[in-house]
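Undergrad: A single structure is presented below for examination.
The values are calculated or read from the model by the stated rules, or taken from the named source; none is laboratory data. Quantities reported herein were computed from a predicted structural model and do not represent experimental measurements. Cβ coordinates were reconstructed from backbone atoms using ideal geometry, including for glycine residues, and neighbour counts include every protein chain displayed. The accessibility values were calculated without ligands, DNA or RNA, using every heavy atom of the protein model including side chains. Shrake-Rupley method; radii C 1.70, N 1.55, O 1.52, S 1.80 Å.
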Amino acid sequence: MSNLLVVTIGAGIIKLTQKRGDLSRQELDDTGHLLVSQYESAGMRVLRRLAEEQEKKLNGRLFLYEENGRALLLPLPKDFGMDELLEDETGELSSYPAPDFHRSQFSQIRSESDRGYMLIFRPNADMRPPNANVLMVMSLFGLLFSSAVLAYWLLGPLVSLQRMARAFGQGNMDARLDYKLAERSDAIGKLALEFNEMASRVEGVLLSKERLMRDVSHELRTPLARIEVALVLAEDKHGQDAQHKYLDRIRDELHELDALIGSVLLLSRLEEGALDKQEVDINLWLASIIDDVVFESQFKNIDIIQSGQVTKKLLVDPVQLRHALENVLRNACFYSGNDSLVSVTVTESETEVVILVRDSGAGVDEIQLDKIFHAFYRSSDAREANSGGFGVGLTIAQRILAAHKGQIKARNHEQGGLEVCLSLPLL
């Protein structure tokens, strides 16, 4: 396409040059013979009328002289052949023909009666042919323009594909390329079509998985409730002191399983994006959460220090967002250990509010930093510590932040410990 455009522009320049430049030698000779033959056969009146027609056709002026110097048409201007003084490259004055003389064409005509004539053709001033520099600039402009068109034609769709792939990878299941791009018949159009079909299939699989987890979780709660009732009856009617320990253990396992099912159901609800947003004063809201977590961690002697203030209000679901921050703070308190410190720093910019939670633990292996937000994933340290969690706390926090158009990330702080960053857009 680019080469075709360059050729088209070049052909246009050539055509323009031909129209605005010199006549061919043959065309000039044919015109001279026509004028001379009409003059010798029909006289001056026919010659002048024919000359006017030819001048309109050729877009220039014609001057015809007999061999004795007599002008048959209008005579040449008096300054036609006068030299003009111009500076050359050395700065000296040199003599050059006048512009009219320089761009005029001459043809010697010999009639059938063996009489000699001189035909001079001078193109109109507004039809002066472009010089070599103009042609070079126009050719370069055509090449640059065609390259820009080619780059836009190729890189534009690829940039769109890259943007949609990144959005889809970040969890936006609605990310699709424009249908006009997918309708293209070239390789880019086929790639766009394949991407849209792949995204639809992946979205369907994920939705099916979430629906299955939600349905199974609902169904599991019914037999769990029956087992709980059976435990109560067993304790009342047939319970013995030796059996109470086992029955209590069964009850604890049931409660843990019920909590796990509740977490799965919460994840499925977050996928549906059911949020009740309200305007919240982030400073008071954050302080209340920190007070609750400090109360829970009082036996471990953990201090949580809050710094920073936010002057603007946020439009959030305070209940769901509280779950997210509580999960992050509880993780920080657990991995910090006894007699430790957890810091919470709040900052704001023109577009977002950022909450930084840093613990005093050993951090996380760099390879596992992205995995800690995956559902049911726990690092080997967490398993060895027997934390009792299910590995969904940070996943729930990530889903809640995503539902609020925010983000959550984790990194190892240079001074030690894990730092979790929660960013939320302002109103």
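Undergrad: Please name all residue pairs, on different chains or six or more residues apart, with Cβ atoms under 6 Å, provided the first residue is in the stretch 102-126 and is closer than 9 Å to Gly32 by Cα and among the small types (Gly, Ala, Ser) and the second residue is at pLDDT 85 or above and not in a strand (DSSP E or B).
TA: Note: pairs meeting the criteria are Ser107/Leu28; Ser107/Asp29; Ser107/Gly32.
Undergrad: Which residues, taken from the stretch 301-358, are buried (at least 19 other Cβ atoms within 10 Å of the Cβ) and assigned to a strand (DSSP E or B)?
TA: Result: Ile304, Leu314, Val316, Val342, Val344, Val353, Ile355, Val357, Arg358.
Undergrad: If you don't mind, there's one more thing I want to ask. So if I check each of Arg251, Arg211, which one is modelled with pLDDT under 85, among the basic types (Lys, Arg), in a helix (DSSP H, G or I) and open to solvent by 70 Å² or more (accessible area, probe 1.4 Å)?
TA: Residue meeting the stated conditions: Arg211.
Undergrad: Would you check which residues across the stretch 47-70 are within 16 Å of Ser37 (Cα to Cα), in a helix (DSSP H, G or I) and in contact with a strand residue (DSSP E or B) (Cβ under 7 Å, 6 or more places away or on another chain) and list them?
TA: Scanning the stretch 47-70 gives Ala51, Gln54.
Undergrad: I've got another one for you. Mind listing just one residue for me: the one in the stretch 21-43 that is over 22 Å from Glu67 (Cβ atoms) and touching a strand residue (DSSP E or B) at 6+ places or on another chain (Cβ under 7 Å) and, of those, modelled with the highest pLDDT?
TA: This residue is Leu23.
Undergrad: Which residue is most open to solvent (accessible area, probe 1.4 Å), if the candidates are limited to the stretch 22-65 and must be over 20 Å from Arg110 (Cβ atoms) and among the basic types (Lys, Arg)?
TA: Arg45
Undergrad: Can you find, within the stretch 105-140, the residue that is modelled with the lowest pLDDT among those that are open to solvent by less than 80 Å² (accessible area, probe 1.4 Å), assigned to a helix (DSSP H, G or I) and farther than 20 Å from Phe63 by Cβ?
TA: Ranking the qualifying residues of the stretch 105-140, first place goes to Ala132.
Undergrad: Criterion first (hydroxyl-bearing (Ser, Thr, Tyr) and either within 24 Å of Gly417 (Cα to Cα) or in contact with a strand residue (DSSP E or B) (Cβ under 8 Å, 6 or more places away or on another chain) (or both)) does Ser336 satisfy it?
TA: When the stated conditions are applied, Ser336 passes them.
Undergrad: How many of the residues in the stretch 291-336 are among the basic types (Lys, Arg) and under 37 Å from the mean Cα position of the chain (by Cα)?
TA: Adding up the residues that qualify gives 3.
Undergrad: Could you tell me which numbered condition Ser263 fails, if it satisfies all but one of (1) closer than 30 Å to Ile355 by Cβ; (2) at pLDDT 70 or above; (3) among the hydroxyl-bearing types (Ser, Thr, Tyr)?
TA: It fails just one condition, (2).
Undergrad: Check the stretch 292-300 and report whether any residue there is exposed (fewer than 13 other Cβ atoms within 10 Å of the Cβ), free of Cβ contacts under 8 Å to residues at least 60 places away in the same chain and within 23 Å of Asn412 (Cα to Cα).
TA: no
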